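Following: one structure in structure tokens, then a few remarks.
Every number here is computed from the coordinates shown, using simple stated rules; none is lab data. These numbers come from a predicted model, not from an experiment. Note that we place each Cβ from the backbone using ideal geometry, even for glycine, and neighbour counts take in every protein chain shown.
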Amino acid sequence: MSKRLLGLILVLPALATITLLFLVPLAASIIGAFEIEGSYGLGNFDKAFALYSQDILFTVVIVSLSTAIIGLVAIAIGGYLTLGENTLAVSILRWLYRWPLFIPFIVVGQVLRTFLAKNGMMNNTLVSLGVITPLEATSFLDWRGIVIAFVWKQAPFVALLVSGAMASLDRGTIEAARNLGASRLRILVEIVVPQVATTLIVGLVLSFVTMMSVLSVPLMINAQSPTMITADIAFRLNAYRDYGVANALGLISLLITASVAWIYLKHNVRSQA
Amino acid sequence: MTSLATTTATARRLPRIDLWWVPRGLVLGLLAFAIFGPLTNLVLWTVAERWYFPHALPLEYGFSYWQRVFSPRGNAMESLANSVFVASLTVIVALALAVPAGYALARLRLPLRSLILVAFLIPQAFPNLPVYVNIARLFYGLGLNGTIPGVVLVHVTHGLVYAVWIATAAFSAIDRELEEAARSIGASALRTFRDVTLPLAAPGLMASAIFVFLESLDEFTGSFFVGAPDVNLLPLLLYTAGAGGNYQIASITALLLLVPSIGFMLVVERFLKADVLSRVGH
């Protein structure tokens, strides 16, 4: 039996699961996006854009902003873990940054809803430090809350991937640059980050698509308008049983994530060539 | 390796105290507050009997909500048992699918390898809601709606990306020469896999099992459409309590979901070594 055939046989059960339980219903929902009372057309998209174009823009901005912040935080954490020279500070950071790593999204929603609320610990601390007066205390449970929740949950994940890749880099180049007098920031930007770019992009792509499909965080932190596409889909289904517009919104966010997955594919093909 | 000049300068002014601890302490302190502040706030809510704005701390502490959650009539115990049972079954099914697939993706020449890897990402890439609605319709016809096997199948689909990607990375991190050595002294391909490859990949596979377990515990959307109201799971309990404005019950449920997650965080590096991590997604 050829290796190719054996490989395909071994992958087949897993691929079949994805096909039957995801691709088939996904196809049904894509077809459903064009279905209007038995015939086909673009009516669902007209309605989706008329009602929710603001939310679509809001989703793209929120998720892109979160991805950018996650990338910066992850590079900062990974960079300090790799280049930091104070062993005590490095081990404190290593112990500290990972706590949110595996906390479920729905729990993150609940945790930050209590923390960012008007009488949450964040406002209480700001008040007791004298930064704001009690009258100025406002709830952060809007777009800021969503970004904070996403960064809180996903940055440790990307930092873990990135610091793992940085740890397996060749120390020789770093030491050589250090001996030549390069600052640590310059080494991070010019030597370390380019070498872990693939891992960083994988982590950010995974985070981007994860954030695009989380329903619990927008529902728990910011259910008012403007909100994220996922919350709109749930609303269309629960309130109106409107599968057409819900499926159209689903297809729109699929196109957004597909363009990001495309970046990953292109990068992967280039690095293997 | 601070340069000699700064070291002597610091030593002259402040013997034995490293001034860099000021910015370091500030940043680490802020990070600690950002991470533990929210968690402390949640724990406070679980023991708060009365708490409203503008009071910084609860007005009354007590465990009456814990008694309500864990009373024989409360549905938390049933949800907890269901969640753990569903997650365990999900791990078994997902690994049975992911171990052969990961081995093939790591070791055997596959056409369209990148495309196959991305195929497992699809369930994470598409907002699951409309898909789960269509799965619910499909399962209804098959009699799987509102059953444990139905929920397990949805969770397996959702968790396969972690299972397959981490299994692939775990297998490709193994030194090929060890397998070749076993083959050259006469071991069959199957025996080599069982006695050499599988034990070496075990920590990575363990990590992928735990990932899948936690993903299943976390899963909310699919459980809601396929499982509810017949199969009660912890995330559904948390959401309904939170939506009903009952912060105490929601926080206690959240704490129950937190414990296994934080436990895994503390031991993750024992299973997921840097050489495996750097290969995830390649």
Paramagnetic reach from B:W20 in the range A:155-176 [backbone N under 16 Å; point 7 Å along Cα→Cβ]: A:175
Residue-by-residue Karplus 3J(HN,Hα) for the range B:78-94, coefficients 6.51, -1.76, 1.60, Hz, glycine and proline x: 5, 4, 4, 4, 4, 4, 5, 5, 4, 5, 5, 4, 4, 4, 4, 5, 5
Unit charges on C-beta of K, R, D, E only; dipole of the range A:1-155, Debye: 580
Whole-Å distance, taken between Cα centres, linking the range A:1-75 and the range A:89-110: 28
3J(HN,Hα) from dihedral phi, the range B:203-218, Karplus parametrisation 6.51/-1.76/1.60, rounded to Hz, x for glycine, proline: x, x, 5, 4, 4, 5, 4, 5, 4, 5, 4, 5, 4, 5, 4, 6
Dimensions in Å of the range B:18-62 - Rg and Dmax from alpha carbons: 15.2, 46
Dipole of the protein assembly as shown, positive direction: furthest Cα of A:V11, B:L153, B:S64, with charges on the beta-carbon: A:V11
Average beta-carbon neighbours from other chains, 10 Å sphere, peptide A:224-235: 2
Cut-off under 5 Å, modelled amide H: who pairs with B:E49 long-range: B:E60, B:Y61, B:G62
Column: log10 I(q)/I(0), Debye, Cα scatterers of the protein assembly as shown, q = 0.07, 0.08, 0.11, 0.12 Å⁻¹: -0.44, -0.58, -1.07, -1.25
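Under a Cβ-only charge scheme (Lys and Arg +1, Asp and Glu -1), can you give me the dipole magnitude of the protein assembly as shown about the Cα centre, in debye to the nearest 20?
Charge dipole, the protein assembly as shown, about its Cα centre: 1100 debye, nearest 20.
Can you give the FRET efficiency to the nearest 0.05 for B:R191 and A:R241, using r as the Cβ-Cβ distance and R₀ = 41 Å? Don't skip to the answer; put the middle values down first.
On the way: r = 57 Å, r/R0 = 1.38.
Efficiency, from the Cβ-Cβ distance: 0.15.
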Farthest positive-ward along chain A dipole, Cα basis, beta-carbon charges - from A:A74, A:T138, A:N179: A:N179
Alpha carbon centroid spacing (whole Å) that separates the range A:194-273 from the range B:119-165: 17
Dipole magnitude of the range B:126-282, debye to nearest 20 (Cβ charges: Lys/Arg +1, Asp/Glu -1, about Cα centre): 140
For A:I36, residues with placed amide H under 5 Å, excluding near neighbours: A:G41
Proximal lysine pairs, the protein assembly as shown, alpha carbons under 28 Å, eight or more residues apart or interchain: 5
